[in-house]
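J.: Provided herewith is a single structure, encoded as structure tokens, for subsequent inquiry.
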Amino acid sequence: MPLYLVIWIHLVAAITFIGGLLYVQLVLRPVLSAQSKNTGEAQDILKKTDQRFRTISWVSLIALIITGAFNMLSEGGSARIETAWGVVLMLKLFLFAIAFGLVLIHDLVLDPYAPSHRSSRPDASHPGHMTKALLVQRLILTLALVILLIATYLTTM
């Protein structure tokens, strides 16, 4: 597969993942909390959106891992990795590993829409209270944006 195509897939996957996170945090959540406070309707919309985006985000993450590995292997070996560029790349990969771990924790451990969490509905009973799942979502988004900044920096080195 040509390198330009692999890089394009990598960029589309990153755009899809980060764009989805931004949309949910900056558009969907504020609109739903303003329009339907303390109702199950907002929770249902968020649940459906979360379920749909979860599939898209996992496809994006898997694409990022595969294309990122391909990019590293085609980069030229350890000669480039042993430079300052390589150190910055390792920082990017470390932050990606943390973000990936947080996605696993969010989707498999915290899952705010799992049956065991439905009865308590922390967002519905305490609108100002930031749940653990929401905090993890925001942390994932922040890390993703920092990773994007580092990736941009790598292109200028």
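The values are calculated or read from the model by the stated rules, or taken from the named source; none is laboratory data. Since the structure is predicted, the reported quantities are computational estimates derived from the model, not experimental observations. Here the Cβ positions follow ideal geometry from the backbone for every residue, glycine too, while neighbour counts run over all protein chains shown. These accessible areas exclude ligands, DNA and RNA; they are computed on the full protein's heavy atoms, side chains included. Shrake-Rupley method; radii C 1.70, N 1.55, O 1.52, S 1.80 Å.
J.: How do Leu139, Leu5 rank by accessible surface area computed with a 1.4 Å probe, from largest to smallest?
T.: Numbers: Leu139 85, Leu5 60 Å².
Accessible-area ranking of Leu139, Leu5, largest first: Leu139, Leu5.
J.: What full-extension length gain, to one decimal in nm, is calculated for Ile15 and Tyr153 as 0.36 nm per residue of separation minus the Cα-Cα distance?
T.: Working: separation 138, 0.36 × 138 = 49.68 nm, distance 1.67 nm.
Difference between extended and current length: 48.0 nm.
J.: Points 7 angstrom from Cα along the Cβ direction at Tyr4 and Val88: gap in nanometres?
T.: Output for this residue pair reads 2.4 nm.
J.: How large is the accessible surface of Met157 in square angstrom, using a 1.4 angstrom probe and rounding to the nearest 10?
T.: My reading of the accessible area for Met157 is about 90 Å².
J.: Then there is this: Given R₀ = 25 Å, FRET efficiency for Leu145-Glu41 by Cβ-Cβ distance, to 0.05?
T.: Details: r = 30 Å, r/R0 = 1.21.
Using R0 = 25 Å, I get an efficiency of 0.25.
J.: Just to verify a number: what accessible area does Thr142 come out at with the full protein assembly present, 1.4 Å probe, Å² rounded to tens?
T.: Here the accessible area works out near 80 Å².
J.: Asp44 accessible area, nearest 10 Å², 1.4 Å probe?
T.: 80
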